[in-house]
Amino acid sequence: MNKIKKKKSPSGIFITGTDTGVGKTVIASSLATYMNSCGHKVSVMKPIETGCAVRSNVLVPSDGMKLKYAAGSNEQLSNIAPVRFKNPIAPMPAAKLEKKPVDIKRIESCFHSLQRESDFIIVEGLGGILVPISKGYSVRDLIKKLDLPLLIVARPVLGTLNHILLTVEAARKEKIEVKAIVLSGFNNKTKNIAERTNPDVLKELLPDIPLFLFPKIERINPSEIRKEAGDVLSPLADLLIK
């Protein structure tokens, strides 16, 4: 009797940053748009979003909406961005202030539902890898729970070396695979000495982690992305989809 082969789970990536506002949503949206335009069925997720606007007594997740649009997704926003808070702070204090704990089981349920419907799932975190979700539970624990490799997004400027090295160290401590590092908003014509030298330093210090230099993009649509960042997104997508 032939053995039944276990179906391999669809691939995916968890995108974390070295800080807040480093370009995670831009990278996640660009990847989703690019992969979708290449024929991949892509799911997107923002498990926890803070700083949501309130409209008609509903918390509106702006990052979740951007991801949904970028992926051309028909999924309900409640699955893409299941946990939302009004206050623009880390989930742990936001949950205390708003008197509602983060529902990890709901996040897991939404994640697996989205994963089943796609070839590839892009999960965007919040802040950095050690941002506290609750006491004793951080973004790193969520990454492990979802069992995804990591894509680190960072600024290209002064200070980023320390932030990147700390993030890589935190990931490796828990045996989380770091698939790649992206310097978001990189200007290859810059005269800033830190921005010019940081890529070479990172390649020397972390030779086993692919580094991608992602330019600043004004509009996230297929034509703009292919024009401005196609030469970066093509090899990055190929690396992640393996």
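Scanning region 62-79 for residues that are within 11 Å of Ala32 (Cβ to Cβ) and hydrophobic (A, V, I, L, M, F, W, C), we see that the one that is nearest to the chain's Cα centre (by Cα) is Leu67.
Quick one: which residue in Asn74, Asn36, Asn87 is polar (S, T, N, Q), over 24 Å from Ala171 (Cα atoms) and assigned to a helix (DSSP H, G or I)? Explain how you work it out, then say what you get.
Working: Asn74 fails: assigned to a helix (DSSP H, G or I); Asn87 fails: assigned to a helix (DSSP H, G or I).
Only one candidate qualifies: Asn36.
Among the conditions (1) in contact with a strand residue (DSSP E or B) (Cβ under 9 Å, 6 or more places away or on another chain); (2) loosely packed, with under 15 Cβ neighbours inside 10 Å, Glu218 misses just one, which is (1).
Counting residues in region 168-188 that are among the acidic types (Asp, Glu), buried (at least 16 other Cβ atoms within 10 Å of the Cβ), touching a residue at least 24 places away in the same chain (Cβ under 8 Å) and more than 23 Å from Leu67 (Cβ to Cβ) gives zero. Number of residues in region 189-242 that are assigned to a helix (DSSP H, G or I) and either in contact with a His (Cβ under 6 Å, 6 or more places away or on another chain) or within 16 Å of Tyr34 (Cβ to Cβ) (or both) equals 20.
The single residue among Ile129, Ile104 that is within 13 Å of Pro47 (Cα to Cα) and in contact (Cβ under 8 Å) with a residue 24 or more places away in the chain turns out to be Ile104.
Out of all the residues in region 111-125, which are part of a strand (DSSP E or B) and either acidic (Asp, Glu) or at pLDDT below 95 (or both)? Of everything in region 111-125, just one residue is part of a strand (DSSP E or B) and either acidic (Asp, Glu) or at pLDDT below 95 (or both), namely Glu124. Scanning region 1-50 for residues that are touching a Gly at 6+ places or on another chain (Cβ under 7 Å), at pLDDT 95 or above and within 18 Å of Lys242 (Cα to Cα) turns up Phe14, Ile15. For first residues located in region 1-28 and over 12 Å from Gly125 (Cβ atoms) and part of a loop (DSSP other than H, G, I, E, B), partners that are of a type in the set (Asp, Glu) and modelled with pLDDT of 90 or more and lie 6+ apart or on another chain with Cβ distances below 9 Å form the pairs Ser9/Asp147; Pro10/Glu117; Pro10/Asp119.
Counting only residues that are among the basic types (Lys, Arg) and surrounded by 14 or more Cβ atoms within 10 Å (Cβ to Cβ), region 101-138 holds 1 of them.
Which residue out of Ile152, Ile164 is surrounded by 15 or more Cβ atoms within 10 Å (Cβ to Cβ), in a strand (DSSP E or B) and not charged (D, E, K, R)?
Values: Ile164 fails: in a strand (DSSP E or B).
Answer to the selection: Ile152.
The values are calculated or read from the model by the stated rules, or taken from the named source; none is laboratory data. Given the structure is predicted, the values throughout are model-derived calculations rather than measurements. With ideal geometry, Cβ positions are generated from the backbone for all residues, glycine too; neighbour counts draw on all protein chains shown.
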